[in-house]
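Enquirer: Before I ask anything, here is the structure I am working with.
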Number of protein chains: 2
Amino acid sequence: MLGALSVEPMSGYAIRQAITETLGHFWSESFGQIYPTLARLEAEGLVRRDAAGQTSGSTFRLTAAGRRRLVHLLREPIPAAPPRNGTLLRLFFGGLLGPKECTEVVHEVRDAARRRLDQLTAIHAEVAAEARDDVGARYRLMTVSSGLHAARASLAWAEETLDALREMDAVDR
Amino acid sequence: MLGALSVEPMSGYAIRQAITETLGHFWSESFGQIYPTLARLEAEGLVRRDAAGQTSGSTFRLTAAGRRRLVHLLREPIPAAPPRNGTLLRLFFGGLLGPKECTEVVHEVRDAARRRLDQLTAIHAEVAAEARDDVGARYRLMTVSSGLHAARASLAWAEETLDALREMDAVDR
DNA sequence: CCGAGCATGTAACACGTTACATGATTGC
DNA sequence: GCAATCATGTAACGTGTTACATGCTCGG
């Protein structure tokens, strides 16, 4: 949230939008998280609320202390969440389902990877164009590239695995 | 947990071990989760507890209903956790840190990817050998392969990104 | 006998989501 | 005027982790 506000001042609602739209590939926050946090950040003096005169809603902007805090937070590692990949868990016990049903599972992975690849390829082109003038865009480009690498890996794995499943199915009968 | 018990009957402690050791690359469970769940599964008649005579601890085994339930659970998709990649988040706002500090961050990603690649390569060889006789091992191999693809992608991205950061650092000065 | 590992369990806590409630604004 | 969207907030709920408490067992 501090990061979002470092780009430009905005409402809590807009922060949520910015996060889902721009960071959606690797981060997420819900309203139930955003508003209480915003209140806390205000109390800590890290953001300031411009209570709008007549229009509804308020605009939050980063204070100097907020910016310092953001930089400080970016310096230290963010603890990784424990791994949880439902697809792999299902596949691990695939012997209980058989090749047919596993094929469906991997099929969905492949399709999702393809969609993601298309999306990210488009975004990559956009951000790459921005990156010529805007230094910040070069860093954003790295995160897009990470998604691209991951999507390509996912796609390659899915295709390899579908081949293996086809072979197992052929031997079965 | 039902999956672990489908391989062979074991204690709650051993379930935890099996999960961290064997599924560690894509799944995790803590004791605080395991024991209450085990009690619930017992109440639902999905597992049976062989209260050992003199030795401490008990052995849990899957009942017929438990096996049916496992197959049923494997059939339906496991909801994906919302994405949270701390490294990418930090890099996205990399402009606030500069190329030097970002290099450290990506460096760690690269090293972690290399270690993982080595680990998984060894495991892959092992499981591939088992897969000749054991059909179940073929499914397990797929999950290892997924990890390999992901690790290679992570490594390739890290190296590409380190190059980009080197260039940005060179231009900076 | 003692330390390491096996084994079970609970309580407190943190985190995050979903759903709900409420109202303003804007474009058609 | 009405629907969609902007906007803020809270309460309930579920989930999962950490830390703690407790005791057994086995090898050296």
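Derivation of every value follows stated rules applied to the coordinates shown; laboratory data play no part. Values in this document were obtained by computation on a predicted structure and should not be read as measured data. Note: ideal-geometry Cβ built from the backbone for every residue, glycine included; neighbour counts use all protein chains shown.
Enquirer: HN-Hα J couplings of the stretch B:92-100 from phi, Karplus 6.51/-1.76/1.60, θ = phi - 60°, integer Hz, Gly and Pro as x?
Expert: 4, 9, x, x, 7, 9, x, x, 4
Enquirer: Need one value for A:8-21: mean number of C-beta atoms belonging to other chains within 10 Å of its residues' C-beta atoms. Write down the numbers at each step before the final one.
Expert: Details: counts 0, 0, 0, 0, 0, 0, 0, 0, 0, 0, 0, 0, 0, 0.
Averaged over the peptide's residues, the number is 0.
Enquirer: Let me ask something else about it. For the stretch B:4-17, take each phi angle, set θ = phi - 60°, evaluate the Karplus expression 6.51 cos²θ - 1.76 cosθ + 1.60, and give the result in whole Hz per residue in order, putting x for glycine and proline.
Expert: 4, 5, 6, 6, 6, x, 7, 7, x, 4, 5, 4, 4, 4
Enquirer: Right, next: Compute the projected area of the convex hull of the Cα atoms of the protein assembly as shown, averaged over all viewing directions, and report it in nm² to one decimal place. Don't jump to the answer; show the numbers that get you there.
Expert: Values: hull surface 90.7 nm².
Hull-based average projected area comes out at 22.7 nm².
Enquirer: Taking Cα centroids, how far is the stretch A:116-142 from the stretch B:134-169 in Å?
Expert: 22
Enquirer: Where the only charges are on Cβ atoms (+1 Lys, Arg; -1 Asp, Glu), what is the dipole of the protein assembly as shown about its Cα centre, to the nearest 20 debye?
Expert: Details: 44 positive and 44 negative charges, 166 e Å.
Here the protein assembly as shown has a charge dipole of around 800 debye.
Enquirer: Looking at B:Ala131, B:Gly95, B:Leu148, which one has the Cα that reaches farthest to the positive end of the dipole of the stretch B:86-172 (charges on Cβ: Lys, Arg +1; Asp, Glu -1)?
Expert: Ranked along the dipole, the leading option is B:Ala131.
Enquirer: Per residue Cα convex hull volume for the stretch A:7-142, in cubic angstrom?
Expert: Numbers: hull volume 24.4 nm³, N = 136.
It is 179 Å³ per residue.
Enquirer: Show me the GluC sites (Glu not before Pro) within the stretch B:1-62 that DSSP assigns to loop and that have at most 13 other Cβ atoms within 10 Å of their Cβ.
Expert: On the way: sites: B:Glu21, B:Glu29, B:Glu42, B:Glu44; in loops: B:Glu29, B:Glu44.
Answer in residue order: B:Glu44.
Enquirer: With angles folded into 0 to 90 degrees, how steeply does helix B:135-172 sit against the dominant principal axis of chain B? Use alpha carbons for both and round to 10.
Expert: On a 0 to 90 degree scale, this one is about 20.
Enquirer: Take the alpha carbon atoms of the stretch A:63-77, find their center, do the same for the stretch B:1-19, and report the distance between the two centers in whole angstrom.
Expert: So the separation of the two Cα centres works out to 44 Å.
Enquirer: Still on this structure, please answer the following. Given an 8 Å cut-off on Cα distances and at least 6 residues of separation, report the relative contact order of the stretch B:20-67 as a percent.
Expert: On the way: 38 pairs, mean separation 12.3, N = 48.
So the answer I get is 26 percent.
Enquirer: How far is helix A:31-43 tilted, in degrees, relative to the longest principal axis of the Cα atoms in chain A, given as a value from 0 to 90 rounded to the nearest 10?
Expert: Approximately 30 degrees, to the nearest ten.
Enquirer: What percent of all Cα-Cα pairs in the stretch B:86-172 falls in each 5 Å bin, counting up from 0?
Expert: 3, 14, 20, 17, 12, 10, 8, 7, 5, 3, 1, 0
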